[in-house]
Amino acid sequence: IHPSVQEALMDRRAVVALESTIITHGMAYPQNLSMAREVEKIVATNGAVPATIGILRGQIHVGLTDEELEFLASSKNTVKVSRRDLPYVLSQGLSGGTTVSGTMIAAHKAGIPVFVTGGIGGVHRGGENTLDVSADLTELGRTPVAVVSAGVKSILDIGRTLEYLETQGVCVAAFGESREFPAFFSRRSGFQAPYHVQDEEEAAELIASALGLGLNSGVLIAVPCPQDRATSGQVIEEAIQQALSEARSKGITGKEVTPFMLQKISELTDGKSLDSNLALIQNNARVGSCIAVALSKLQKARRKEDLPQQEDTTPPQPVVIGGINVDFVAKAQNPAILGGGQTNAGRVRRTFGGVGRNLADCLSRLGQAPLLLSAVGKDEHSESVLHYCHHMDMSAVLHLEGKSTATYCAVISSAGELSIGLGDMDIHQQITEQYVAQFKEKLCQAPLVCIDGNVPLSTIQYVCQLAREHQLAVCYEPTDENKASKPFLSDSWKALTYISPNLQELRAINRTLGNPLPAGIEYSE
């Protein structure tokens, strides 16, 4: 993910995804490059951050540099990449332009809800016999991204495409005054969209509703081509029929059909269709950016409304969720530790630890007065802990009858190397989602939430979900190699703001995400 895109996503600013098949397969060089630059400029001018998505040498890129745009625009052997092509293209280290389907997948995984394109694919003419149906339609049925387009490419069977979108459960709305569903180059297709939205605010409300319901399907916003740049429907239809006939006679099928048809239609209309194509893409970029900005404002306003109101002027506390341990550290006096049941001379000392407790202690000494959510047993160890932590807010810590306060025993050599560590930490499993949820109001107001890897996975996921909904800053301390990956087993990690792994923990996280270990990174203490 390009740094400018990543930063915008972290700040919850408007980002607009853009496809790259139009660059690699839709237009010739250098016109494709100037078009791509112009569209990105329009997005930025209208208050959003452009994120052109493409594949370069087997890596999905969300947001491209100008050099990367030029590479895709000028390369001769790029692949047209839809859902089915992604595994092969990535595994072979190839480069390509992402279709509507491929772009939606990447946009969703990056957390971008709005995507602008020229026109989507659909059911091809004669598709009732050939079953030639674009993967764009099934993608809209299973990926929650709003696609802003000039309807469906007019070379397709628009009626059957709308029927297929209905079957896939895709909410389709025309943009503007009319419910007329646009036909890419032409403003009119002869078909009505199921719904229409008058402006970007209504479109943003529609998208927010779809995302809020968690339907896992997309929304199609169909924007008509500007009146002064649209092409006559009759002129286009005549060119389409001639191009279709030629495609059949040349045996052109599958994903090669659309690029051939668009090129042929441009020739047959003396470039008028290409002029319309450029105009509608630029218009879609403007409209889509305004929708993305409206959606971002709407989501921010709703998050603000959801925050519990503070009843007093006391500054909100940071909240730390994690373990409390009583640590026993035994350090051998002699270089060699004798086995076989023999007693080794050494020094044994008791300290108070636990990653969560340590974080809360440091914040307390910095004058931040954090609230610590943790658990101890009702035993002699807990009394010692409470006495030691008198300077901290321990009011919310659970005191559990019949449970043991977590203890850890470390035996280290005279050189300071850990020989063996033993832990009795079952009580950390009592730091449950239900317990933490009692402090939701404190969490929602907290300037910082710290959580360690000792707590149960469900608690981490609950905190991350809360952070996503209320824009909370969350610091995750991985604790150890075996616990480090907990947030990375799902999308929870995307809600984290800070993380502080050592190299072993970072390697474990990297493995969980399925990433190769970068070259040149070696194990280090």
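The values are calculated or read from the model by the stated rules, or taken from the named source; none is laboratory data. In this text the structure is predicted, and so the values were computed from the model without any measurement. A quick note on method: Cβ atoms are made from the backbone with ideal geometry, for glycine too, and the neighbour counts reach across all protein chains shown. For accessibility, only protein heavy atoms count, side chains too; no ligands or nucleic acids. Shrake-Rupley method; radii C 1.70, N 1.55, O 1.52, S 1.80 Å.
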Fraction of antiparallel bridges per DSSP, the range 3-306 only, in percent to nearest 5: 30 percent
³J(HN,Hα), Karplus 6.51/-1.76/1.60, whole Hz, each residue of the range 53-68, x for Gly, Pro: 10, x, 10, 10, 6, x, 10, 6, 10, 10, x, 10, 6, 5, 5, 5
For the range 319-513, average projected area of the Cα convex hull in nm²: 12.4 nm²
Share of carbon and sulfur in the accessible heavy-atom surface of the range 3-306 [1.4 Å probe, %]: 49 percent
Where Val133, Val123 fall by accessible area, highest first, once all protein chains stay in place (1.4 Å): Val133, Val123
Between the range 142-191 and the range 265-336, the alpha-carbon center distance in angstrom: 28 Å
Ratio of the Cα radius of gyration of the range 28-174 to 2.2 N^0.38 Å, where N counts its residues: 1.06
Rounded FRET efficiency, nearest 0.05, which uses the C-beta distance separating Ala336 from Gln504 and R0 of 41 Å: 0.95
Range of Cα positions in the chain per principal axis (Å), largest first: 95, 55, 40
Heavy-atom SASA rank of Ser419, Ser490 (probe 1.4 Å, accessible area, largest first): Ser419, Ser490
Amide N proximity, the range 67-111 versus Leu298 label position 7 Å along Cα-to-Cβ, cut-off under 11 Å: none
Nearest-10 value in Å² for the accessible area of Arg302, using the 1.4 Å probe: 90 Å²
Inter-centroid distance (Cα atoms) of the range 437-499 relative to the range 70-128, Å: 33 Å
Of every Cα-Cα pair in the range 15-95, the percent that sits beyond 18 Å: 38 percent
Extreme residue, positive dipole direction of the chain, given options Ser414, Gly169, Thr479 (C-beta unit charges): Ser414
Surface share of carbon and sulfur [accessible, 1.4 angstrom probe, percent] for the range 319-513: 51 percent
Compactness of the range 3-306, expressed as Rg and Dmax over alpha-carbon positions, Å: 17.9, 61
Which listed pairs, of Lys300/Lys442; Lys297/Lys494; Lys440/Lys494; Lys109/Lys250, have C-alpha distances above 31 Å, in listed order: Lys109/Lys250
Accessible area per residue, Å², the chain with all protein chains present, probe 1.4 Å: 48 Å²
